[in-house]
Amino acid sequence: MRDPHDEPGAALMAEARSLVADRRWRPAIRVLESARRLREDDLEVDELMIVAATNARNRREVKRSRARLEASSSASSWVALASGHLVSGHFQAADRAARRALEIEPENAAAWHTLAASYAGLGWFGDAESCTEQASEEALDFERWQLGRAVNRWAMTNSHSLSVVLVLVFVFGTSVAPLACALGLTLPFLLRDLRIRTLDAHFSDSADVAWRTEHRLRLVTGLAVLLCTSLWMISLAITGS
């Protein structure tokens, strides 16, 4: 019997799995592009690619992989599709894809964990807990990160930031617009902290772990808040003089 490790592209696939697990999306895409040339019919390439490409916002690769996976009858393909929808915040689509995976393979632990993440993103934590209990295996680090990211997205939605900004500008005038924008940018972060505290440890711990990986979101928002407050202070200095 032929050793699977001797198959063409086996080393590339092992590297790609590791890169995706470590959430190094762009290097994973480069490795998977090489693996695809050696394993054109291997759906695992597309399963890993759709996760990496969705996170890296590579629409061309997402479209290419999705077309192949949606024609598949493999549970792992539909789990990958669900994971891609989770990245985009399309939790109902992730729900449908995870359910399709469970129709094909009811005992698929990854499908249960992915369905739990889709429920968490919708704020249905009782259902998410039930899915976690149905899984025959503990969640992998990637699946826990995926769950935590979905929880964080739920916790930051419906903050009504725009309404708060408009009310402040209407009441206090356009002179406070930069400060109001800074508050509007900060509000989802404040609400996240409050909402996460109301959840069971299983969800709050996953959310905190995922939150520590959101470097770009926190950096960009912080810079935007700094810019808004700086503009407000400059406007105060100009009007005061």
Problem - Condition check for Arg2: modelled with pLDDT of 95 or more and open to solvent by 70 Å² or more (accessible area, probe 1.4 Å) - result: no
Fill in the blank from the handout: Of the candidates Ala139, Ala135, the one satisfying the condition of being touching a His at 6+ places or on another chain (Cβ under 7 Å) and under 19 Å from Arg23 (Cα atoms) is Ala139
Problem - The one condition in (1) open to solvent by less than 40 Å² (accessible area, probe 1.4 Å); (2) farther than 30 Å from Val79 by Cβ; (3) of a type outside the set (Phe, Trp, Tyr) that Leu194 fails to fulfil - result: (1)
Handout entry: helices (runs of 4 or more DSSP H) (entirely within region 73-184) containing at least 1 residues that are modelled with pLDDT of 95 or more
Key = 75-88, 91-104, 109-122, 125-134, 141-156
Fill in the blank from the handout: Residue pairs qualifying under the 8 Å Cβ cut-off, at least six apart or on distinct chains, with the first in region 160-173 being farther than 15 Å from Cys228 by Cα and the second being exposed (fewer than 11 other Cβ atoms within 10 Å of the Cβ), are none
Handout entry: Yes/no for Ser230 being among the polar types (S, T, N, Q) and either within 17 Å of the chain's Cα centre (by Cα) or surrounded by 14 or more Cβ atoms within 10 Å (Cβ to Cβ) (or both)
Key = no
Exercise for the section: Within region 133-144, track down each residue that is open to solvent by less than 50 Å² (accessible area, probe 1.4 Å) and either within 19 Å of Ala93 (Cα to Cα) or basic (Lys, Arg) (or both). Expected result: Glu143
Fill in the blank from the handout: Taking region 71-85 and keeping residues open to solvent by 10 Å² or more (accessible area, probe 1.4 Å) and under 11 Å from Glu105 (Cβ atoms) leaves Ser73, Ser74, Ser76, Trp78, Val79
Practice task
Looking at (1) open to solvent by 40 Å² or more (accessible area, probe 1.4 Å); (2) within 25 Å of Ile104 (Cα to Cα), find the lone condition where Asp22 falls short.
Solution key: (2)
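The values are calculated or read from the model by the stated rules, or taken from the named source; none is laboratory data. Worth saying up front: this structure is predicted, and the values here are computed from it rather than measured. Heads up, the Cβs are rebuilt from the backbone with ideal geometry, glycines too, and the neighbour counts pull from every protein chain shown. Each accessible area value is taken on the protein alone, full model and side chains, heavy atoms only, with ligands, DNA and RNA left out. Shrake-Rupley method; radii C 1.70, N 1.55, O 1.52, S 1.80 Å.
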